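Bear in mind that the values in this text are calculations on the coordinates, not laboratory data. The structure presented is a predicted model; accordingly, all values stated were derived computationally and were not measured. Methodologically, a virtual Cβ is constructed for each residue, glycine included, from the backbone with ideal geometry; neighbour enumeration extends over all protein chains shown.
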Amino acid sequence: MGLTTYNLQSVKKELQHLSSSQLADLCLRLAKYKKENKELLSYLLFDAGNHESYIGGIKQEMDDLFKELPAHYYYAAKSMRKILKLITKHTKFMASKPAEIDLLLHYCQQYVTHVDKRTGYKPLRQILHKQLEKTAKLIGALHEDLQYDHKAGFERAVLEADEKLSWINKNDYL
């Protein structure tokens, strides 16, 4: 017989019975033991009201990571995956598909700018292919008005990739 883990609905009901000081203590305790909990709590308290500046900060961090990209293909691929983890974490916090699309498009543009154009390393190539496919799928799931807004940026990113990278075919994505 193991420990009982309660479902989210039970936890929500129990939290409604607590005072505000007890809730604050629980939040601080959660934040104390896990870095991601602290980051989420920080986002909710300080950045949730201003998505644009938050996205701008993430883009700046991505730019810095791209500038430090190693020359060796294997390590470059590892760094690219690290940047994708950063995007995934922050989009989970924001819970916004348009913001995720915006960040992925920026990622793809930075990829084209910073990665060696002659690379034959398949895992490094696959990273861009998968992100373009993911972005196209996310755009397709949006409302028609939002789709129109993001399609232009997506097409621009694909055309830039097709122009600069010989192994990308724009017809695969457009």
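Rounded to the nearest 10 degrees, the angle from helix 73-94 to the longest Cα principal axis of the chain is 40 degrees. Its DSSP H runs of at least 4 residues, each contributing -39,500 (n - 2.57), put the calculated 222 nm mean residue ellipticity of the chain at -24500 deg cm²/dmol, to the nearest 500.
Give, as a single signed number, the net charge of other residues whose beta carbon lies under 15 Å from the beta carbon of Ala71, with Lys and Arg counted +1 and Asp and Glu -1. Charge balance in the 15 Å sphere: +2. Compute the whole-percent fraction of alpha carbon pairs in the chain spaced more than 19 Å apart. Distances greater than 19 Å cover 65 percent of the Cα pairs. Do any of Lys59/Lys117; Lys12/Lys82; Lys82/Lys170; Lys35/Lys137; Lys32/Lys130 go past 28 Å between their Cα atoms, and which? The answer is Lys12/Lys82; Lys35/Lys137; Lys32/Lys130.
For the chain, the longest principal axis of the alpha carbon atoms and the long axis of helix 97-114 meet at an angle near 40°. Listed peptides 120-130, 27-37 appear in the order 120-130, 27-37 once ranked by packing, highest mean of other Cβ atoms within 10 Å at the front.
Of all GluC sites (Glu not before Pro) in region 53-109, which ones are in loop regions per DSSP and have a Cβ with at most 10 other Cβ atoms within 10 Å? In loop regions of region 53-109 (DSSP not H, G, I, E or B), the sparsely surrounded GluC sites (Glu not before Pro) are Glu68.
Legend: calculated FRET efficiency, Lys89 to Tyr33, from the Cβ-Cβ distance at R0 = 30 Å, rounded to 0.05, equals 0.95.
The residues packed around Ser53, meaning those with a beta-carbon under 14 Å from its beta-carbon, carry a net charge of -3 if Lys and Arg are +1 and Asp and Glu are -1.
Of all aspartates and glutamates in the structure, the ones whose alpha carbon falls short of 19 Å from that of Lys38, not counting any fewer than 8 places away in one chain, are Asp25, Asp47, Glu61. Within the shell of other residues whose beta carbon sits under 13 angstrom from the beta carbon of Tyr6, the net charge comes to +1, with Lys and Arg scored +1 and Asp and Glu -1. Gaussian network model of the chain, Cα springs within a sub-10 Å range: biggest mean-square fluctuation belongs to which of Val112, Val11, Val158? In the Gaussian network model the winner is Val11.
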